[in-house]
1. Taking the range A:34-74 only, how many residues are within 14 Å of chain B (Cβ to nearest Cβ) and part of a loop (DSSP other than H, G, I, E, B)?
2. Testing A:SER236 on (1) more than 19 Å from the chain's Cα centre (by Cα); (2) under 14 Å from A:LEU271 (Cβ atoms), one condition comes back false. Which one is that?
3. Restricting attention to the range B:17-46, which residues are within 14 Å of chain A (Cβ to nearest Cβ), assigned to a helix (DSSP H, G or I) and either more than 22 Å from A:SER59 (Cα to Cα) or touching a helix residue (DSSP H, G or I) at 6+ places or on another chain (Cβ under 6 Å) (or both)?
4. So which of A:ALA129, A:ALA156 is over 16 Å from the mean Cα position of the chain (by Cα), surrounded by 22 or more Cβ atoms within 10 Å (Cβ to Cβ) and either without any contact (Cβ under 8 Å) to a residue 40 or more places away in the chain or not in a helix (DSSP H, G or I) (or both)?
5. Quick test for you: out of A:GLY222, A:GLY286, pick the one residue that is surrounded by 15 or more Cβ atoms within 10 Å (Cβ to Cβ) and either touching a helix residue (DSSP H, G or I) at 6+ places or on another chain (Cβ under 7 Å) or in a helix (DSSP H, G or I) (or both).
6. How many residues are facing another protein chain (nearest Cβ under 10 Å) and either outside any helix (DSSP H, G or I) or more than 21 Å from A:GLN151 (Cβ to Cβ) (or both) if we restrict to the range A:12-26?
7. Residue pairs, Cβ under 6 Å, 6 or more apart or interchain, first in the range A:311-339 and more than 16 Å from A:ASN179 (Cα to Cα), second aliphatic (A, V, I, L, M) and assigned to a loop (DSSP other than H, G, I, E, B). List them.
8. Please work out which residue is nearest to the other protein chains (Cβ to nearest Cβ), limiting yourself to the range A:159-171 and to residues that are in a helix (DSSP H, G or I) and closer than 17 Å to A:LEU99 by Cα.
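The values are calculated or read from the model by the stated rules, or taken from the named source; none is laboratory data. Source: prediction; values computed, not measured. Because the Cβ atoms are built from the backbone with ideal geometry, glycine has one as well, and the counts that use them run over all protein chains shown.
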Amino acid sequence: MELVSRRIEVDDSPEAVLHLFNSRGWGDGLPIIPPTEERVEAMLGGRLPERVVGLVPPSQAEATLERVAINAVMAGCRPEYFPVVVAAVEAALDPDFNLYAILTTTHPCGVLIVVNGPLARQLAIRSEAGAFGPGWPANATIGRAVRLSLQNIGGAYPGELDRATQGSPAKYTWCFAENEEASPWEPFHVSRGYPASHPTVTVCGAEGPHNINDHASTTGTGLLTTAADTMAIMGSNHLYARGEPMVVFGPEHAAILGRENWTRADVQRFLFDNARKPYGKVRLGGAHGMIALPRWVNTEDPAALVPMAEQAEDVLVLVAGGVGRHSAFIPTFGLTRAVTRLIGGGACGLDGSDDCGCDVQASGGGLTDGLSTDR
Amino acid sequence: MGLVTVTVCTAEFVNLAGREAAALGMAELPLVVIPHPMADKSPDQVADIAARVADNVALALGGKALGVIPYPDGVNGGGAGIPANRG
């Protein structure tokens, strides 16, 4: 195995390494694990470093497995997480995801990674209480590795080519697993055509989660009314660009829906029908006029209701979390589609059900930079 | 032959547009610069800005100007794309 990234010599202290990476803008401001050759090779786990996952905008530089591995080391990933990181990067490069816009827009979106299948539990990717973080190494480092990979390979650095007006905590790391056991429905990835036993990642160009607090409802209609009202907001891209708004139900809320035999399609339909704003208000601000409304919205009527999605099937519905009466609305960039990929397929070249069996082999030595741009 | 177009871009986004054009092999893509922001401009202000860049659009359409074509008053942003001091 031959790594081709530039080698950099730096004093062997955490402070010196951190200063180097911060001063070059290669990190996210938080401490990183130095990507030594030994660590990068361990992350690769025998995969070919030159294998190309795809081209990352805006620089259109190659995301080789070597570069992704370097960023995964920096993020603190264990080698067994690497296939998840690669699958997420590959998914984000699907044209439907619109990665160029996701990385460079003024809108505050990050790359949300949802993991499904038995592998999530094997890797301890959190799906239960506190799944959105903090506190779970797999969630924290997988999301961070994807963020660092896309930033450092593609060159969309914050304040420069990442033009986010305010940025977002969702840009640091944003990863959780679906709580399939607590869901009254088939797992999310099964609803997207994958067998339940297969591990998948789904990427979404998403904002951070917005709370849906409902302690009072005892019926599905009451709960979904709260959820729909939480979704229908003037400041959301969905009101103008539509796309795929996501709702993640906490288990106690999901149980209400399960008890009353609401199917996922029923929930999608209710949210599509009820998460709406009257046109008389929509026309006052937001992003009105920038993107055409659905033709069936009668703009002569101020009471005509504007939806948050093009169709009911576009409302993404899944389950995560633990005890408590909270769910989450996760708005997206709008001009993006969620993309699901098998973990261990594609560029990673491993059967996703396999444990790659690598050990972390931390040691000193020169650092590899994992970057496509000369900074 | 396809439809002839000109890319018009506010000053804040010129660097991003130029970098992307270069990455896609079109480093000399004409970029007609207008001021930033545009979103709060009145129709009259928009018409004034359009009139001021009309010649630049014509130059770009005619292939007589390449790369960034500055806005006539010389205010062309520049903040974006300059590596920030990150401590």
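1. Number satisfying all stated conditions: 4.
2. (1)
3. B:PRO43, B:VAL46
4. Details: A:ALA129 fails: surrounded by 22 or more Cβ atoms within 10 Å (Cβ to Cβ).
One residue alone meets the criteria, A:ALA156.
5. On the way: A:GLY222 fails: surrounded by 15 or more Cβ atoms within 10 Å (Cβ to Cβ).
The conditions single out A:GLY286.
6. Here the count works out to 2.
7. A:VAL315/A:ALA309
8. Our first condition is that a residue be in a helix (DSSP H, G or I); within the range A:159-171, this holds for A:169-171.
Subset that is closer than 17 Å to A:LEU99 by Cα: A:170-171.
Numbers: A:ALA170: 20, A:LYS171: 15 Å.
If we take residues in the range A:159-171 being in a helix (DSSP H, G or I) and closer than 17 Å to A:LEU99 by Cα, then A:LYS171 is nearest to the other protein chains (Cβ to nearest Cβ).
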